[in-house]
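Below: the structure, in structure tokens.
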Amino acid sequence: MLTSITVENFRGIERLHVEGLGRVNLIIGRNDSGKTALMEALMLARDPRNAIGILTARQRMRVANTSNTDIADFDEFWLPIFHRMDALAGFRIHSTSFADLPLTLAVAKEPVDGPMTIDGLKASVVTPAWTLKATVAGGRHETTSVIDQTATGEKLPTAQTNIPSRWISPSPVIGSEDIRAFSKLKQQGRDEAVTDLLRYVNDQVSGVELLAPTGNRVSVYVRLRREGLVPLLMMGEGMKRYFEFAVSFAATDGASIHIDEIENGLHHSVMEPLWTWISKATRAKSVQVFATTHSEECVQAASRVFKAENDNGLRVIRLDKQEHLTKAVVYDRDLVEAAERMGVEIRG
Amino acid sequence: MSRPPNEKKKQPPFPTEPFGLLLVEGGDEEKLCKAIAGPAVWGSLVCWNARGRPNITELARLAAQDPSFRYARSVGVLLDMEDDPVGTQGLIQEALAALNVTAPFVHGAFVPGAAPRVGVFVSPDGQQTGSIEGLCKQAVRDPALTSCVNALVTCAGQPHTTQARGMKGWLDAYLAMQPEPLRLHQALNGSKVFDLNHVAFDPLRAFLQAL
């Protein structure tokens, strides 16, 4: 479990230090305060040796919403990762955790000096157009991975098969990763956990099925006691998000889950059941959760639930962007509860 | 079960320019400060109300953690001594620690050199047991009614067992005998019941002006 993180020159964050991370971390702050960037940095800190794979996946998700930018186009695809687009300076993420030595991840574009020469002969075919280098240093060990853009295309480093982090963000569709994970849960007979969580939203839910009615695409259906099978996507955003949360938690052990805009699509009446479930599930499965929110109700519901559960694992992290620094204030459960009691606004 | 959104009145946000911060234990203390400070001084202050004496330390901690706390030029804490000088002293030390102040506390004075400057005012005067009711009692406008209430308290056999309770009981009786019975926060809305320029309020007024 991560206990602290320092981020330098990553996306909109010039410098940020957070000390005292908890098992469940709710990140709050104004627009453009760096909430999502911090969550990405935390994901990289959890799995720094797979940094390039994570960055590639995150950038694909980000640019997919706005353009068809190609991974080969360094300036369009990769530059936004770096603060003030300074890829040569690069970014650094330093983290501490209970389980590991302190680790530092440094990612930067390597300067290209021109074609390499072998015995005085130009060998332009091996010259990369650009190279992105990720270095992880911890203790006496240092590992490096690179992604090159060459005449034959990009060469991504080999990704680890077991990626210990999951990212959930508001989306109109159910991702193939979630369908794969749920399918696996079904095969293992562990899908009841998903049904249990969906019952918090609708007590008529008796099961969840994967069906392919047209023979082409597999879709998720919810079995309701009275109505029978109903497509999950017809049951509203809240039910879909609960499904994603449930699958992520059920399919993950000892990992971290990163939820962007956790309150999105959820009525305030289902916030407390969700936090109760997260409190229990994270304790049972040793999962560390990071979530962003703009919702005061969401923060208050979390604080009430963790108090009722006698769970000290909640931290609320408030971000405020200052001139050359993003200031992070970490509130524990009791201080969040005191803020609610006294009407102190902690969201920024 | 889940509750609907919290509709409680919010504490005012901190500005991003220099300001004086006043932390008070309750609504009556806030009303009194507003009444005696005058509009010019009050307008330059941000007042946070702890909504209960036991909350003052957490309120100070929340204030100190606010990113705009760095714009506070000074912080004043107003507490009542009540009947518990030892407990009040402990509460003051906790509040000062929450504000990152380690210097010893002197009633009504601001710790020099600290940023922001921090001061604590313990009503009525930093020495005696009691509360803001003790200051208000001295500033009531009607001497005839004062005599009547004194007589009532004597006749009732001085029922309150402590000085602070006695002050509160006396003032409640006085306010109950107004043409329209009032609570203290209502009586502090105008200058009919209390002489807001009375010398009894001068030390607290000076404390507020120094913020």
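Measuring spread by the Cα atoms of chain B yields a radius of gyration and Dmax of 18.0, 56 Å. Each part reduced to its alpha carbon centroid, the stretch B:1-80 and the stretch A:301-342 end up 19 Å apart. With a 1.4 angstrom probe, the accessible area lost at the A-B interface totals about 2100 Å². Between B:Gln127 and A:Asp73, the modelled label-to-label distance comes to 7.9 nm, taking each label 7 Å out from Cα in the direction of the beta carbon.
Between A:His267 and B:Asn189, the simple label model (points 7 Å from Cα in the Cβ direction) yields a spacing of 4.0 nm. Of all DSSP bridge pairs formed entirely within the protein assembly as shown, close to 60 percent run antiparallel. With respect to the cross-link table entries B:Lys137/B:Lys168; B:Lys9/B:Lys31; B:Lys10/B:Lys137; B:Lys9/B:Lys137; A:Lys35/A:Lys321; B:Lys31/B:Lys168, which display a Cα-Cα separation exceeding 19 Å? From the list (B:Lys137/B:Lys168; B:Lys9/B:Lys31; B:Lys10/B:Lys137; B:Lys9/B:Lys137; A:Lys35/A:Lys321; B:Lys31/B:Lys168), the Cα-Cα distance tops 19 Å for B:Lys10/B:Lys137; B:Lys9/B:Lys137.
When peptides B:151-160, A:204-213, A:334-343 are sorted by average Cβ neighbour count within 10 Å, with the highest value leading, the order is A:334-343, A:204-213, B:151-160.
Beyond 22 Å, the tail of the calculated P(r) for the stretch A:3-103 holds 30 percent of the Cα pairs.
For A:Trp275, the solvent-accessible surface computed with a 1.4 Å probe is close to 0 Å², ligands and nucleic acids excluded. Computing the accessible area with a 1.4 Å probe over protein heavy atoms, can you report the carbon and sulfur percentage for the protein assembly as shown? Looking at the protein assembly as shown in its full context, I get 51 percent from C and S. Once both axes come from the Cα atoms, what is the angle between helix B:85-98 and the longest principal axis of chain B, in degrees from 0 to 90, rounded to 10? Its long axis makes an angle of about 20 degrees. Rounded, prolate or oblate, given the Cα gyration tensor of chain A, with a/c below 1.5 counting as rounded? It comes out oblate by the Cα gyration axes. Among residues other than A:Glu337 whose Cβ falls under 12 Å from its Cβ, what is the net charge (Lys/Arg +1, Asp/Glu -1)? Cβ neighbours under 12 Å give a net charge of 0. Compared with the dominant principal axis of the Cα atoms in chain A, helix A:237-250 is inclined by about 70°. So which aspartates and glutamates pass the test for A:Lys280, namely a Cα distance under 19 Å, with those fewer than 8 places away in the same chain ruled out? Candidates past the 8-residue exclusion: A:Asp191, A:Glu192, A:Asp196, A:Glu244, A:Asp253, A:Glu263, A:Glu272, A:Glu309, A:Asp311, A:Asp332, A:Asp334. Each of the peptides B:35-41, A:289-295 was scored by the mean count of other Cβ atoms within 10 Å over its residues; in descending order, highest first, they stand as A:289-295, B:35-41.
Counting, for every residue in A:332-338, the Cβ atoms of other protein chains within 10 Å of its Cβ and taking the mean gives 2. Helix B:56-65 axis versus longest C-alpha principal axis of chain B: approximately 30°, rounded to the nearest ten.
The modelled label-to-label distance for the pair A:Arg190/A:Thr143, using points 7 Å beyond Cα in the direction of Cβ, is 2.4 nm.
Take the stretch A:174-236, compute every pairwise Cα distance, and split them into 10 Å bins from 0; I just need the percent in each bin. Once binned at 10 Å, the Cα pair distances of the stretch A:174-236 give 21, 57, 21, 0.
The values are calculated or read from the model by the stated rules, or taken from the named source; none is laboratory data. In this text the structure is predicted, and so the values were computed from the model without any measurement. Cβ: placed from backbone, ideal geometry, glycine included. Neighbour counts: every protein chain shown. Areas reflect the complete protein model, heavy atoms only, side chains present, ligands, DNA and RNA absent. Shrake-Rupley method; radii C 1.70, N 1.55, O 1.52, S 1.80 Å.
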